[in-house]
1. Which one, Ala31, Gly47, Gln4, projects farthest toward the positive side of the charge dipole computed for the chain from Cβ point charges (K/R +1, D/E -1)?
2. Could you check the simple spin-label distance between Cys19 and Val59, using points 7 Å along Cα→Cβ, in nm with one decimal?
3. Test of understanding: ordering Tyr51, Tyr46 by Cβ neighbours within 10 Å, fewest first, what list do you get?
4. Once you have a ≥ b ≥ c as the square roots of the Cα gyration tensor eigenvalues for region 5-65, tell me rounded if a/c is under 1.5, and otherwise prolate or oblate according to whether a/b is larger than b/c.
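No value in this document is a laboratory result; all are computed from the given coordinates. Every value quoted in this text rests on a predicted model; they were computed, and no experiment measured them. Cβ placement follows ideal geometry from the backbone for every residue including glycine, while neighbour counts extend to all protein chains displayed.
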Amino acid sequence: MKEQKFTCNPTIIQTICDCGGVFIIDRSASALTSDPPKMKHICDKYGKVEYFQSLYPIVFFEIGKPIEEESPSKVVK
Ligand SMILES: [Zn+2]
């Protein structure tokens, strides 16, 4: 077994408001007790409030190509 480095491509999924702003999760607010629970999001432009099941923005990483180590002697084991 060995460790291998990979490049990665970060991707963000955002919800866009009608005004062109972006909805951001309000982590200070508690979830709506709906089924399923929904989280409060606030438009960053005019402050419109919407409730979504997911927590936006969603960030995920796509694994890219393996990175070849130039100097294996520097790898800490
Ligand atoms: Zn808006």
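1. Toward the positive end, the furthest listed residue is Gln4.
2. 2.5 nm
3. The fewest-first ordering by Cβ neighbours comes to Tyr46, Tyr51.
4. Oblate, because a/c is 1.5 or more while a/b does not exceed b/c.
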